[in-house]
Structures are given as C-alpha cells and as structure tokens.
Amino acid sequence: MKSLRIGLGAAALAALLAGSLATLPSTAATANDQGLRAAARGTGVRIGTAVDATALTDDAPYRAAVGREFDVVTPENAMKWESVEPTQGHYDFTQADQLVAFARAHGQLVRGHTLVWHSQNPAWLTEAAFTPAQLKDILRKHIFDEMGHFRGKIWAWDVANEVFNEDGTLRDTIWLRALGPDYIADAFRWAHQADPGAILFLNDYNVEGVNAKSDAYYALIKKLQAQHVPVGGFGIQGHLALQYGLPGDIAANVRRFDALGVKTAFTEVDVRMQLPADPIKVAAQAEGFATMLRACLLVRHCVSYTVWEFTDKYSWVPGVFSGEGSATPFDENLQPKPAYQTIRETLMLAGRR
Ligand code: G3I
C-alpha cells in the first residue's frame, strides 16, 4: 500500500526549488484528489506516464494533466544517452532535471529510462571505432555519471533495454559485439553501485505474453539471480496493436515473473489501431488497457503501470506506423476516451479490495 501525502507547503517549497517550473503548484493544489492517481491510491500499483519534456514546459494543459493524473513519470527521451551526453564528456541534464523537479513538486516518483540500449545513442559513441576495453570503460562511466547525477531521485531505472531478439537470442548491439553477453550483468552491478536505492529493471516489448522472448528474460533473470547480480525488476513495455490481437496469457506471464521474486511493471503501455477509429476499436482498445492493468493488479510485486504518453497529441505511434494511431487514453484535445474510464474503474475496483 502506498499513499501520497504531499502537503501544499511541501509542494510549494519544492516548486520554488524547481526554478523555471516555479509556477506549477497551482496545478498541484487540487491534483491529489482527482484523476487516475487518486483512483490508484491503496492499490499498491502506481499509475504513470511517459512525459515529453518540451510539452511539459510549453503546453500548460498537458502539464496540468501530468500532475493531476499520475504518480510516477518516465522521461520519454530526456534521459537517453544521446539526450544527456550529445558530445562526449559534455552533459546536458536540463530537460531531465526539469522533469525530476516537476515530479518532486507533484509528489511523483520517477522511472529512469534508459541506460544501456542499442538505440538513441550519441553519434560520437556509435560512429567511432572504440576498442572493447574502451567501450567497457565508456559504458561504466555512463552508468556512474548519469545515475550519479540523479542519485537518490530515481525510483526505478530501466538499466538494460530491449536486449533480446524475438527468437530469444541476444540482440546484436555494439555492447554484445564488444563485451559479450556479460555486459548485462556488468551493467546491473555498476548500476547498483552508482545508486543502491534504485530498483534496477530489464525492459522490453513483445514480452506481454509467454513466448520465446519472454522465456529468454525468464531464463536470464534466473541466471542473474543465481549469480547474485542485483536485477530487481522486469519491465513489460506493453506496446500492443489491435490488428494483431492481445496475447491470451498476459496474466500468466506476469505471474511467473512475480514468482521469481522480482518486481514487475508495465512500463510503456499503448494500444494502437488502424485509423480511423470506430466504436468497436475504441472498446477493444479499452479492453487491451484493462487486460494489462488487471494482470498487474493480480500479482503481488507489480509496482507500476505506465502509459507511453497519455494523449494522442504526443504519441510516437503515427510517426512510426503509417496509418495507425489513437493509441493512448486521451485524444489530441486531452479529452478522455473509454480507455481512460476503464483504467479508472479498474483501479477503483482494486482499491476496494
Ligand atoms: O530531438 C530531435 C529534434 O532535435 C529533431 O528536430 C527531431 C526531428 O525528427 O527529432 C528529435 O528526436 C526525436 C526524438 O524522439 C525526440 O522527440 C527522434 O527523431 C525520434 O526518433 C524519437 O523517437 C522516440 C523513439 O523512442 C526513439 O527510438 C520516441 O519519441 C519515443 O517514444 C520512443 O520510445 C521508445 C522507448 O524509448 C523504448 N521502447 C519503445 C518506445 C517506442 O519506440
């Protein structure tokens, strides 16, 4: 059971400390009694969203909704390597710091995303010919520098993101090529040293159901546990598409990871569809959101359920999947869809248990 108790005094003080975001407590004053975060209270599951750093500063209704609806936030891009170290040795944490300050001012936790990935790495890293020894030093330094910067302020980190292929073999990345499979264990050991208080996650997509990829994670976590590597959680991204259907065994899959003793979380939930939307697709979408949320609520160690943007206004989907969209619980005008109501009702049911 986790409750949010941020007094107005604390919120105002934190907002003052937040510098450029100092005007924000006006949205926080009534925030805690409304929205999904209020419905989630007492369920043991935190409700979160990915946050677009530019929209957070430029779009007041968006900012108000982030504060009102959610009690955990994930920077959608602002903590990725290319964002924080665009030039080797020169860090820019500006946007990420703003989100951390916003979260503090609004009584929210932060999921850090992400430290070791094959994507959104800076050009200086991917385009130079570093030796394996140099790459190992670079990766270690990245983890210590970034986690050190945020030490004590991040609830959970996606340490290693998307390390497997669909068939359960390790993805061919600069890290696997140079350092071999042990780069994953090394990353978790360094991460634990850098910020011992953070929950350290593996995180991936297409692992909602039981399949070769989720089997690979199950085996990897067991192996890491046997080696006393500090892996603390398994993040199931939850990017689903109506045209492919929902896996039938989501709850069973979450349950088997729960039984390993690690935390679980739905970390990037959205349910896209081929446009245009219609009432049946919208209802099926709501069911998709609810199915994943129920799977989380049914187990003991599922700690959060995060949507990957809450509004279609900033969803990544249309830019990547041509002709698809409407993937989030709020439309482009920040009006809630049936998926929103279903998430809220599911949380309220859980809160009454
Ligand atoms: O910041 C630049 C900007 O300077 C430039 O003008 C603009 C022109 O295209 O691009 C901007 O960068 C974009 C970046 O998002 C920030 O908006 C990139 O092009 C764009 O590719 C990038 O997309 C992100 C994507 O990860 C990259 O792989 C999405 O916003 C983000 O939602 C998405 O998130 C990932 C998770 O991290 C991991 N799981 C899958 C998920 C969806 O792909």
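Below are the figures for this structure:
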item	result
Debye, to nearest 20: dipole size of the stretch 58-108, +1 on Lys, Arg Cβ, -1 on Asp, Glu Cβ	180 debye
More than 25 angstrom apart: percent of Cα pairs within the stretch 234-353	21 percent
Amide proton proximity set for residue 307, modelled H, under 5 Å, gap of 5+	48, 49, 50, 269
Viscosity 1.002 mPa s, temperature 20 °C, Stokes-Einstein D of the stretch 114-254 from Kirkwood C-alpha radius, µm²/s	135 µm²/s
Karplus 3J(HN,Hα) series, Hz, for the stretch 254-269 with 6.51 cos²θ - 1.76 cosθ + 1.60 (x for Gly, Pro)	4, 4, 6, 6, 4, 5, 6, x, 8, 5, 10, 7, 8, 10, 8, 6
Per DSSP, loop GluC sites (Glu not before Pro) in the stretch 158-240 with at most 16 further Cβ within 10 Å	166
In the stretch 203-353, lysine pairs closer than 24 Å at Cα, eight or more apart or cross-chain	8
Pairwise Cα inverse-distance average, inverted: Kirkwood Rh of the chain (Å)	20.5 Å
Cα-centre dipole for the stretch 156-256 with unit charges at Cβ (Lys and Arg positive, Asp and Glu negative), debye to 20	260 debye
Reach of residue 153 by Cα under 15 Å, taken over aspartates and glutamates that are not fewer than 8 positions away in the same chain	71, 97, 145, 195
Amide H contacts under 5 Å for residue 324, placed H, 5+ residues apart	275
Check: the chain dipole with +1 on Lys, Arg Cβ and -1 on Asp, Glu Cβ, in debye	1440 debye
Helix-only [θ]222 nm of the chain, DSSP H runs n ≥ 4, -39500 (n - 2.57) each, per residue, nearest 500	-12500 deg cm²/dmol
Solvent-accessible area per residue for the stretch 127-238 (1.4 angstrom probe, square angstrom)	41 Å²
Residue 130/residue 244 FRET efficiency (R0 35 Å; Cβ-Cβ; nearest 0.05)	0.35
Accessible-area composition of the chain, carbon plus sulfur, in percent [1.4 Å probe]	53 percent
Label-point separation, residue 144 to residue 353 (7 Å along Cα→Cβ), nm	4.3 nm
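The values are calculated or read from the model by the stated rules, or taken from the named source; none is laboratory data. Owing to the predicted nature of the structure, the values given are computational and were not obtained by experimental measurement. With ideal geometry, Cβ positions are generated from the backbone for all residues, glycine too; neighbour counts draw on all protein chains shown. Side chains included, ligands, DNA and RNA excluded: accessible areas come from the protein's heavy atoms. Shrake-Rupley method; radii C 1.70, N 1.55, O 1.52, S 1.80 Å.
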